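Okay, so here's the structure we're looking at.
The values are calculated or read from the model by the stated rules, or taken from the named source; none is laboratory data. Predicted model only: the values in this text are computed from it and were never measured. Using ideal geometry, Cβ is built from the backbone for each residue, glycine included, and neighbour counts are taken over all protein chains shown.
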Amino acid sequence: MYQVIINHENNDIVIGDITAKDISKRLLSGKINKERNAVGNFEFDIPLDNIGYNYLNPMKTQIRVLNTFTNKNVFEGRILKQSNLLESEGKVYKTFKAEDKLGYLIDSVQVYGEYNSINEAITALLNTHNLCVEDWKKIYIGEITLKVDTEEKIVLNYKDSLENIKDLISSYGGEVNIRTEKNINYFDYKDIIGEYTETEIKLGVNLKKFEEDIDPTQCYSRVMPVGAKLKTTDSEGKEVDSEERITIASINNNSLYIEDEELIKKIGYVTKILEYDDEEDKDALKQNAIEFLKTQKLSISNNITALDLSILGLKYDAFTLGNFYKLDVPFFNVDYYVRVVKETIDINNPHTSSLTFGDKVVDIKDYQLESKKQVTNYEQIKLEVENTAKKVEKINKSVTTNTKKVEILEGDLSGYVKKTTYNNFVNTINENFNKVNNEIKNIKERLTKLEGGTTT
């Protein structure tokens, strides 16, 4: 479960708790949105009778959302925007939008500076930031482990601190995070922020909805590599660049293209021009084209709805932005780690969590092979299940026949039919029912393998 807590005059006040008997501690709605390398937000509606209705001040009030089972904050930040609403039926409430602590870096600006390392640049940036803001918005250097391979100076510009951070990410990659320990805010900058967990996302356990988007539009079966522009002479006799480029035709059997026959069979002729503006070596052009076709990747993105079992007090990790989870969907041959890059939490409906996972890239040929396996496995199991169903139907007919015989015997038992005969028929029925149960059990086991742990 989740609690929404504000700091008012140095006191913590709970303004949101769906389990609270006191309605003054309940919010009408609340949703957290978090995304990798972006300022997260928390939007909520607060009714007139809420204890914190008059305590919320944009840009000033600190707010956090606590997962009461893990005792960890899933959101920490400040109130940002406010809207006052009065509806025709007399409903009065306010809507607030809060931003997480990464947004504090918007409140300070930087001066121009050149630095020898990322660590040095971040240290200077945070020192400047802390001179410009209140104590509760100060951020100190944390774990700076990003690997940067450059001999050039790292530059901070005349922008706000967050814009400078975004420029560094754009230039050198990596991921940033604000981490709070003992009320002190730390800035982490790493290659990857997150860890592999033991929690699986699995059909029949905590997976509610699965969607896999496969995008083959950026895959090509044929490429035309072109190099530097050829030289020509203008009207004044000066050597200038023409629009014609160096090609591989003279070393490639008069063909401008490098082709992948296997991919042509799978996706047809899909052609791309590869431009290498400074390349004058035809052999290098050809080799670049060959390597491009070999290393093509198919982008696969996943969107799922999963049950966060941690909120039920079960021994499962809570879903955390940046962490890796094992996704297990046998029906689609999905069995790999995926990473949460976006997360939405509805605090009034905590049983669900909407997660967006980062793109998975696979070799297009491997994907085609796996897809073929999926179809083959499905058709085989489908055929076996159909055959089993026919057997069950046959047994059911036998059970019906023997049941009628028992009804007759029960009526005539006092007469000329011996009790032993009656018992024999009863035993026959029991045997048939056992056969039915065994066949049904077999079906369930096969469906379990097919659907990843759930039975129908």
Contact list, first residue from segment 189-204 and farther than 16 Å from Y336 by Cα, second anywhere and among the acidic types (D, E) and in a strand (DSSP E or B), beta-carbon distance below 7 Å, six or more apart or interchain, is K190/E143; K190/E175; I192/E175; I193/E175
Q: Go through the residues of segment 14-26 one by one and say whether even a single one is assigned to a loop (DSSP other than H, G, I, E, B), out of contact with any Ser or Thr (no Cβ under 7 Å at 6 or more places or on another chain) and surrounded by 19 or more Cβ atoms within 10 Å (Cβ to Cβ).
A: yes
Worksheet item: For Y269, are the conditions met, namely being closer than 14 Å to L293 by Cα and either surrounded by fewer than 16 Cβ atoms within 10 Å (Cβ to Cβ) or touching a Leu at 6+ places or on another chain (Cβ under 6 Å) (or both)?
Response: yes
Going through segment 261-292 in order, the residues found to be hydrophobic (A, V, I, L, M, F, W, C), assigned to a helix (DSSP H, G or I) and either modelled with pLDDT of 90 or more or over 14 Å from P216 (Cβ atoms) (or both) are A284, L285, A289, I290, F292
If you go through L27, L48, the only one that is assigned by TED's automatic domain parsing to the domain that holds T95 and farther than 15 Å from L66 by Cα is L48
Of the residues in segment 225-256, those that are surrounded by 13 or more Cβ atoms within 10 Å (Cβ to Cβ) and farther than 13 Å from K282 by Cβ come to K229
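For every residue, the table says whether it meets (1) at pLDDT 95 or above; (2) outside the structural domain of G268 (by TED's automatic domain parsing); (3) of a type outside the set (S, T, Y).
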| position | (1), (2), (3) |
| --- | --- |
| N127 | yes, yes, yes |
| N130 | yes, yes, yes |
| K137 | yes, yes, yes |
| T145 | no, yes, no |
| I184 | yes, yes, yes |
| E198 | no, yes, yes |
| I201 | no, yes, yes |
Reported set for segment 142-159 where residues are within 21 Å of I106 (Cβ to Cβ) and surrounded by fewer than 16 Cβ atoms within 10 Å (Cβ to Cβ) is V155, N157, Y158, K159
Pairs returned, first residue in segment 259-283 that is without any contact (Cβ under 8 Å) to a residue 40 or more places away in the chain, second residue that is surrounded by 13 or more Cβ atoms within 10 Å (Cβ to Cβ) and assigned to a loop (DSSP other than H, G, I, E, B), beta-carbon separation under 6 angstrom, 6 or more apart or interchain, are D260/S221
Counted residues in segment 98-124 being closer than 23 Å to N41 by Cβ and either touching a residue at least 60 places away in the same chain (Cβ under 8 Å) or not small (G, A, S) (or both) come to 10
Check whether at least one residue in segment 207-219 is in contact (Cβ under 8 Å) with a residue 12 or more places away in the chain and in a helix (DSSP H, G or I), and report yes or no. no
Among residues of segment 79-135 being under 32 Å from the mean Cα position of the chain (by Cα) and among the acidic types (D, E), the residue surrounded by the fewest Cβ atoms within 10 Å (Cβ to Cβ) is D107
The condition from (1) assigned to a strand (DSSP E or B); (2) out of contact with any Ser or Thr (no Cβ under 6 Å at 6 or more places or on another chain) that S242 misses is numbered (2)
